[in-house]
Amino acid sequence: MENLQFRKAIADDLPFIWEILRQAISRRKDDGSNQWQDGYPNPTVIKNDIAKGCGFVLVDGKMIAGYTAILINDEPEYANLEGEWLSNDDFVVFHRVAISKEHLGKGLAKKMFLHIENFAKQNSINSVKADTNFDNPAMLALFEKLGYHYCGQVYFRGSPRKAYEKILQP
């Protein structure tokens, strides 16, 4: 775990990323969640993330341990928030956070959040926004633990999601 690296995903990473997401989709189903049970995400989504330069991997040594997509000011659904954001400035948004089954329980999702926040700071952005399903207790707990504030509800593919924002100290 000393060799953690956070970097942009490349095309060669796609099969490894997809396997991590497949594992996460299966875990969500086993947990009784409807999150990610509708064909999303899928390899095409990941391929598009990589092509747009917004796919990122967390690498432990030579093994891809986690995946997320990070975008700047690019989530149209956030304009339809039922609630109120903490800020209306530029923001970083992240989606599709997943950790490989071999790396669960090692605090890597938290480390990924910190890398995302660092990405925002490097881009002179002080707001990070994200959302998750109402029935994703691990992610909801992580938002709370890391100081994200619940701002309201957004909808993706007809499903309500809890939306969060964190204002970073410059």
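The values are calculated or read from the model by the stated rules, or taken from the named source; none is laboratory data. No experiment lies behind these values; they were computed from the predicted model shown. Neighbour counts run over all protein chains shown; Cβ positions are idealised from the backbone, glycine included.
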In segment 134-149, residue surrounded by the most Cβ atoms within 10 Å (Cβ to Cβ) [restricted to those that are free of Cβ contacts under 8 Å to residues at least 60 places away in the same chain and either assigned to a strand (DSSP E or B) or hydrophobic (A, V, I, L, M, F, W, C) (or both)]: 143
One residue from 78, 148, 164 being modelled with pLDDT of 95 or more, farther than 23 Å from residue 49 by Cα and hydroxyl-bearing (Ser, Thr, Tyr): 148
Within segment 35-133, strands (runs of 3 or more DSSP E) holding 3 or more residues that are surrounded by 14 or more Cβ atoms within 10 Å (Cβ to Cβ) and among the β-branched types (Val, Ile, Thr): 63-72, 92-99
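Looking only at segment 124-139, which residues are out of contact with any Lys or Arg (no Cβ under 7 Å at 6 or more places or on another chain) and farther than 17 Å from residue 111 by Cβ? Show your work before the answer.
Applying the first criterion (out of contact with any Lys or Arg (no Cβ under 7 Å at 6 or more places or on another chain)) to segment 124-139 yields 124-127, 129-130, 135-139.
Answer for segment 124-139, where residues must be out of contact with any Lys or Arg (no Cβ under 7 Å at 6 or more places or on another chain) and farther than 17 Å from residue 111 by Cβ: 124, 125, 126, 127, 129, 135, 136, 137.
Restricting attention to segment 8-20, does a residue exist that is free of Cβ contacts under 8 Å to residues at least 40 places away in the same chain, within 13 Å of residue 101 (Cα to Cα), surrounded by 12 or more Cβ atoms within 10 Å (Cβ to Cβ) and of a type outside the set (Ser, Thr, Tyr)?
Yes.
Return yes or no: is residue 163 in contact (Cβ under 8 Å) with a residue 40 or more places away in the chain and either in contact with a helix residue (DSSP H, G or I) (Cβ under 6 Å, 6 or more places away or on another chain) or within 20 Å of residue 33 (Cβ to Cβ) (or both)?
Here the answer is yes, as residue 163 does meet what is asked.
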Qualifying residue in segment 51-69 (condition: out of contact with any Pro (no Cβ under 9 Å at 6 or more places or on another chain), among the hydroxyl-bearing types (Ser, Thr, Tyr) and farther than 23 Å from residue 138 by Cβ): no
Test: residue in segment 47-64 that is closer than 22 Å to residue 162 by Cβ and either of a type in the set (Phe, Trp, Tyr) or in contact (Cβ under 8 Å) with a residue 40 or more places away in the chain (or both): no
Counted residues, segment 129-139 - those being over 11 Å from the mean Cα position of the chain (by Cα) and either polar (S, T, N, Q) or at pLDDT 95 or above (or both): 2
